[in-house]
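Structure first, commentary second.
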Amino acid sequence: MIHDILDVIKKFKPLNVKRLTFNRHDLLLELARIPGVYVPQFYETSYLEDGTVAHTLPTRSDVPKVITKRIVAKLPPPPTKFIVPNIEVVHNRASVEIMRGCTRGCRFCQAGMITRPVRERSVEEVVEAADAAIRSTGFEELALTSLSSSDYTHISELTEAISNRFEGRKLTVGLPSLRIESVSIDLMDRLRQQHSAGFTLAPEAASERMRRIINKFIPDEDIINTTRDIYQRGWTTIKLYFMIGHPSETLEDVQAIVDLSKRVIAEGRKAVGWKVKLNVGVSTFVPKPQTPFQWVSLDTKENILEKQAMLKRQLLKDKSIKVSWTKPEDTLLEAFLTRGDRRMAEVVYSAWKNGAKFDAWNEGKKDAAWLPAFAEHGLDPAFYTQRTRRADEVFPWEHITAAVRKNFLFEDFRQSLEGQIRVDCRTHCFACGILPTFKEMRREHPGDVWKCPEVKRKSALSEVEGAVASDEAIGGNFCEFNW
Ligand code: SF4
């Protein structure tokens, strides 16, 4: 797609012609006709009396009604020549993406929903790219990135090959987003990682009930067994990541974070004594567009503060436990920007005029700039943050699709209300909408690189489309929901 965009831009602004005047409107119009390109000015949103979106429609007949994301059938070779910063920056390392997409279906995870389908790079390609990247940049740290590294089909072969290739060289290799199981420790062991760096696990919720709701089900005992194994193999620090504010969360679910953390640290003490450390990161869940939780409300500021106080009060008593959390003001800012509609553009502009700038950095943050900005435009932040959406509500982002159907998301949301989990869709396709949208592409690229089922015969596709139809029937019959 980038080539299509560049071709159009070149047509309007040839490289060797200086001071060329061109019509910006015509350029944008031509760009808007490229599949996957969204040019907001050719779309208009109207609102219902209650302030929710009635619809967003194109203002011209020659641009698409709905913009569908574009994907590559096969991942292109990974970049290996990065700009090397001469100051300390975050992510100060070479990265090679091993796969894109995720089939786990965690209901809070926007990346998992919008980057489908899963496509993997070969072991050989990853190793060669890693070598080239390290040689061309001089980095001493390498990250093999993906949304769920343990799910990469050839993860054992990959860690083996990386370990052999970089034998004797000073290189730290990171394998983020590992599942909570002993195999993950084997992988890190194989990469001969320094145990001082700590081992990170992300259960996201501490009670089994809540892990069912978010579709990241792992029994408590598996978490305890894995953490015990990590400490026994010589790591002294474990980092556990949780979120508070999940839909339907109670104080018992938050108490479970304390209880689980205490069990983990007790296991650590048995294995490594008083050297043991546990870092507990607790962020606040912000419902994201294009996910099964796009209908739910953000937790209230009062609840968030109460839950955080409860955690700090109990966990910080233990000197071996460190706790970090997100400030509620930052969460609110993220929440209204995340699910805002077009009117938020004016709010952002007014907030900037009021002094808001670099809000992601504490020193530049100016919370007081935002409320007057909302007031100036007759809007209320709570409309965007503290509101459960109607089941049939039209979302401000609905004219842009990641090819995962709204009915699929709603059905998944409904299942979460019943505490039902969905298994990894590599073993059972749930007809999320990816295959019908990209069926030609899938057919042209058979084999194992894509993790969705192959679409070979007409009957195979009908099976998927049949599932889509029945899913639509469920979704079409929207019901009201209660926690
Ligand atoms: S089409 Fe099926 S296998 Fe592919 S991402 Fe969707 S649910 Fe998963």
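The values are calculated or read from the model by the stated rules, or taken from the named source; none is laboratory data. None of the values given here were measured: they were computed from a predicted structure. Here Cβ is always computed from backbone atoms with ideal geometry, including for glycine, and neighbour counts include all displayed protein chains.
Mind listing just one residue for me: the one in the range 432-464 that is part of a loop (DSSP other than H, G, I, E, B), at pLDDT below 95 and among the hydrophobic types (A, V, I, L, M, F, W, C) and, of those, nearest to the ligand (Cβ to nearest atom)?
Step by step, filter the range 432-464, then rank; the result is 452.
Got a number for residues in the range 147-164 being surrounded by fewer than 20 Cβ atoms within 10 Å (Cβ to Cβ) and more than 17 Å from residue 102 (Cβ to Cβ)?
Of the residues in the range 147-164, 6 are surrounded by fewer than 20 Cβ atoms within 10 Å (Cβ to Cβ) and more than 17 Å from residue 102 (Cβ to Cβ).
When you scan the range 38-55, do you find a residue that is within 16 Å of the ligand (Cβ to nearest atom), touching a residue at least 24 places away in the same chain (Cβ under 8 Å), in contact with a Ser or Thr (Cβ under 6 Å, 6 or more places away or on another chain) and more than 22 Å from residue 294 (Cα to Cα), even just one?
Taking every residue of the range 38-55 in turn, none turns out to be within 16 Å of the ligand (Cβ to nearest atom), touching a residue at least 24 places away in the same chain (Cβ under 8 Å), in contact with a Ser or Thr (Cβ under 6 Å, 6 or more places away or on another chain) and more than 22 Å from residue 294 (Cα to Cα).
So residue 421 passes all but one of these: (1) in contact with a Phe, Trp or Tyr (Cβ under 6 Å, 6 or more places away or on another chain); (2) away from the ligand (no atom under 16 Å from the Cβ); (3) not basic (Lys, Arg). Which condition number does it fail?
All conditions pass for residue 421, except number (2).
All but one of (1) hydrophobic (A, V, I, L, M, F, W, C); (2) assigned to a loop (DSSP other than H, G, I, E, B); (3) modelled with pLDDT of 95 or more hold for residue 383; state the number of the condition that does not hold.
Residue 383 satisfies all of (1) hydrophobic (A, V, I, L, M, F, W, C); (2) assigned to a loop (DSSP other than H, G, I, E, B); (3) modelled with pLDDT of 95 or more except (2).
With a cut-off of at least 1 residues that are of a type in the set (D, E, K, R) and closer than 22 Å to residue 130 by Cβ, name the helices (runs of 4 or more DSSP H) lying wholly within the range 146-220.
Counting at least 1 such residues, we get 155-165, 182-190.
Where residues in the range 82-140 are aliphatic (A, V, I, L, M), in contact with a Phe, Trp or Tyr (Cβ under 8 Å, 6 or more places away or on another chain) and closer than 30 Å to residue 288 by Cβ, which of them is nearest to the ligand (Cβ to nearest atom)?
Once the filter is applied, the top-ranked residue is 118.
Among the numbered criteria (1) surrounded by 16 or more Cβ atoms within 10 Å (Cβ to Cβ); (2) in contact with a Leu (Cβ under 7 Å, 6 or more places away or on another chain), which one does residue 41 miss?
Of the numbered conditions (1) surrounded by 16 or more Cβ atoms within 10 Å (Cβ to Cβ); (2) in contact with a Leu (Cβ under 7 Å, 6 or more places away or on another chain), the odd one out for residue 41 is (1).
If you check 144, 201, which single one turns out to be closer than 17 Å to residue 99 by Cα and either within 21 Å of the chain's Cα centre (by Cα) or at pLDDT 95 or above (or both)?
144
In the range 409-450, how many are among the acidic types (Asp, Glu), over 26 Å from residue 123 (Cβ atoms) and touching a residue at least 12 places away in the same chain (Cβ under 8 Å)?
Selection size over the range 409-450: 2.
Quick check: anything in the range 392-400 crowded, with 17+ Cβ neighbours inside 10 Å, within 13 Å of the ligand (Cβ to nearest atom) and touching a residue at least 60 places away in the same chain (Cβ under 8 Å)?
No, there is no match, as no residue in the range 392-400 is crowded, with 17+ Cβ neighbours inside 10 Å, within 13 Å of the ligand (Cβ to nearest atom) and touching a residue at least 60 places away in the same chain (Cβ under 8 Å).
Take residue 68 and tell me if it is within 16 Å of the ligand (Cβ to nearest atom), surrounded by fewer than 17 Cβ atoms within 10 Å (Cβ to Cβ) and touching a residue at least 60 places away in the same chain (Cβ under 8 Å).
yes
Tell me, please, whether a residue that is modelled with pLDDT of 95 or more, surrounded by 15 or more Cβ atoms within 10 Å (Cβ to Cβ), within 16 Å of the ligand (Cβ to nearest atom) and of a type outside the set (Asp, Glu) can be found in the range 364-373.
no
For the range 331-348, what are the residues that are in a helix (DSSP H, G or I) and in contact (Cβ under 8 Å) with a residue 12 or more places away in the chain?
Those that are in a helix (DSSP H, G or I) and in contact (Cβ under 8 Å) with a residue 12 or more places away in the chain: 331, 332, 333, 334, 335, 336, 338, 344, 346, 347, 348.
Is one or more of the residues making up the range 386-405 out of contact with any His (no Cβ under 6 Å at 6 or more places or on another chain), part of a helix (DSSP H, G or I) and either under 17 Å from residue 53 (Cα atoms) or not β-branched (Val, Ile, Thr) (or both)?
Within the range 386-405 (the criterion being out of contact with any His (no Cβ under 6 Å at 6 or more places or on another chain), part of a helix (DSSP H, G or I) and either under 17 Å from residue 53 (Cα atoms) or not β-branched (Val, Ile, Thr) (or both)), the answer is no, since none of the residues qualifies.
Restricting to the range 406-421, name every residue that is part of a helix (DSSP H, G or I) and not basic (Lys, Arg).
407, 408, 409, 410, 411, 412, 413, 415, 416, 417, listed by residue number.
Can you say whether residue 339 is under 30 Å from residue 70 (Cα atoms), at pLDDT 95 or above and surrounded by 15 or more Cβ atoms within 10 Å (Cβ to Cβ), as far as the supplied structure shows?
When the stated conditions are applied, residue 339 passes them.
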